[in-house]
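Step one of this worksheet: look at the structure below.
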Amino acid sequence: MAAVLAVVVLIVAIAVGLKGARASESEQSTSPGPASPAGATSTTSTTPPSSTTTSPTRATTSSTTTSPTRATPSSSKRTYRSTGRYRAVPTRSPVRGTKGELITYRIEVEQGARVSPRGFATAVDRTLRHPRGWTARGHWRFQRVTTTDADLTIRLATPDTVDKQCAAAGANTHGYTSCRAGQYVLLNLDRWLEGVPHIKDLELYRHYLVNHEVGHGLGLGHQRCPRKGSPAPVMVQQTLSLHGCTANAWPRSADGRLITGPSAP
Ligand SMILES: [Zn+2]
């Protein structure tokens with residue numbers, strides 16, 4: 001009987017591990033206030049106000065704090081390893097959107113992340129072609145390409161790798177957030193797999209993460225929650241806090257209006 005139980009437990013453990021490994025997808029970053037065009041200099045993250053706090057541990061005081069609380073570690077967390085090498089998706093997509101500037105993007109997943117590059121690409125494609133996304137109203141079109149000279153290279157990477165590559169561009173991601181650095185969008189694997197505690201819907205969060213970081217790639221800076229209870233603009237750093245707004249993944253409302261807020265400093 002004990003042997004049977006052990007086998008059952010082992011099978012369940014394997015199934016859970018596989019499920020975690022297959023759940024793919026990505027995140028969002030911190031970038032400086034002013035908008036900078038795609039391909040321009042790297043984004044820099046908001047510096048946490050650690051110097052102004054009395055606590056030696058990371059402050060949990062305000063929205064500008066990075067990673068106020070780390071998400072509860074999950075079983076998926078230990079199943080990946082950082083390699084700093086990437087696997088690119090070798091296929092292209094049709095052009096999405098009807099008019100506007102064409103933005104090409106390449107998809108890469110860090111080797112060792114144990115996430116399917118194709119699955120991740122499918123999720124990013126879905127976000128970028130959504131009717132409430134950046135293609136709405138003919139401002140931009142998107143196409144996934146395989147070449148390395150894409151306008152944006154969207155990478156799903158382990159926290160250590162995100163930290164290294166973002167730091168090289170001047171952004172501090174604290175093992176928690178994501179960033180856009182030049183042509184690279186670096187999404188934190190933990191956030192992609194686990195989301196954040198204050199946004200319960202992981203699918204919503206993943207859409208948000210892609211839209212937010214690609215928004216930086218389109219030249220947009222951070223915004224603030226316009227008023228309590230309103231949907232948060234996608235350029236709010238929702239990974240850190242909603243500031244009284246409600247979680248929102250999309251640049252536009254269902255009736256096509258842009259969801260915006262005041263520029264963040
Ligand atoms: Zn940002």
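Please work out the C-alpha center-to-center distance from the stretch 239-265 to the stretch 89-122 and express it in whole Å. One Cα centre to the other: 24 Å. Computed from phi, the 3J(HN,Hα) profile of the stretch 188-194 under the Karplus parametrisation 6.51, -1.76, 1.60 (θ = phi - 60°) reads 6, 4, 4, 5, 5, 7, 10 Hz, with x in place of Gly and Pro.
Rounded, prolate or oblate: pick one for the stretch 161-265, where a ≥ b ≥ c are the square roots of the eigenvalues of its C-alpha gyration tensor, a/c under 1.5 means rounded, and failing that, prolate if a/b is larger than b/c, else oblate.
Numbers: a/c = 1.82, a/b = 1.45, b/c = 1.26.
It comes out prolate by the Cα gyration axes.
Whole-Hz Karplus values for the stretch 84-93 come out as x, 10, 10, 10, 8, 7, x, 10, 10, 10 Hz, taken residue by residue from phi with 6.51 cos²θ - 1.76 cosθ + 1.60 and θ = phi - 60°; glycine and proline positions read x. Label positions at Gln111 and Arg81, each projected 7 Å from the Cα along the C-beta direction, are separated by 1.2 nm. For the pair Ala167 and Asp255, the difference between a 0.36 nm per residue extended length and the Cα-Cα distance amounts to 27.8 nm. The distance linking the stretch 158-191 with the stretch 192-207 is 18 Å (Cα centroid to Cα centroid, whole angstrom).
Packing, as the average of other Cβ atoms within 10 Å across residues, places the peptides 251-259, 152-160, 221-229 in the order 152-160, 221-229, 251-259, highest first.
Under a 5 Å amide H cut-off, with hydrogens placed 1.01 Å from N, Val185 pairs with Thr153, Ile154, Arg155 among residues at least 5 apart or on other chains.
In this structure, the amide hydrogen of Gln237, modeled 1.01 Å from its nitrogen in the peptide plane, lies closer than 5 angstrom to those of Gln223, counting only residues at least 5 positions away or on a different chain. With the largest listed first and rounded to whole Å, the semi-axes of the equivalent ellipsoid of the stretch 84-188 from the Cα gyration tensor are 24, 15, 12. With both labels modelled 7 Å from their Cα along Cα-to-Cβ, the Thr148 to Leu102 distance reads 2.2 nm.
Taking every alpha-carbon pair in the stretch 128-179 and binning the separations at 5 Å intervals from zero gives 4, 18, 17, 15, 17, 19, 9, 1 percent. For Ile103, nonlocal amide neighbours, meaning residues 5 or more places apart or on other chains whose placed amide H falls under 5 Å from its own, are Arg141, Phe142, Gln143.
Where a ≥ b ≥ c are the square roots of the eigenvalues of the C-alpha gyration tensor, would you call the stretch 202-252 rounded, which needs a/c under 1.5, or, failing that, prolate if a/b is larger than b/c, or oblate? It would help to have the intermediate numbers written out before the result.
Working: a/c = 1.91, a/b = 1.29, b/c = 1.48.
Oblate, because a/c is 1.5 or more while a/b does not exceed b/c.
Rule-based calculations on the coordinates, nothing more; no lab input. Everything quoted here is computed from the prediction, not taken from an experiment. Reconstructed Cβ throughout: ideal geometry from the backbone, glycine too, with neighbour counts over all protein chains shown.
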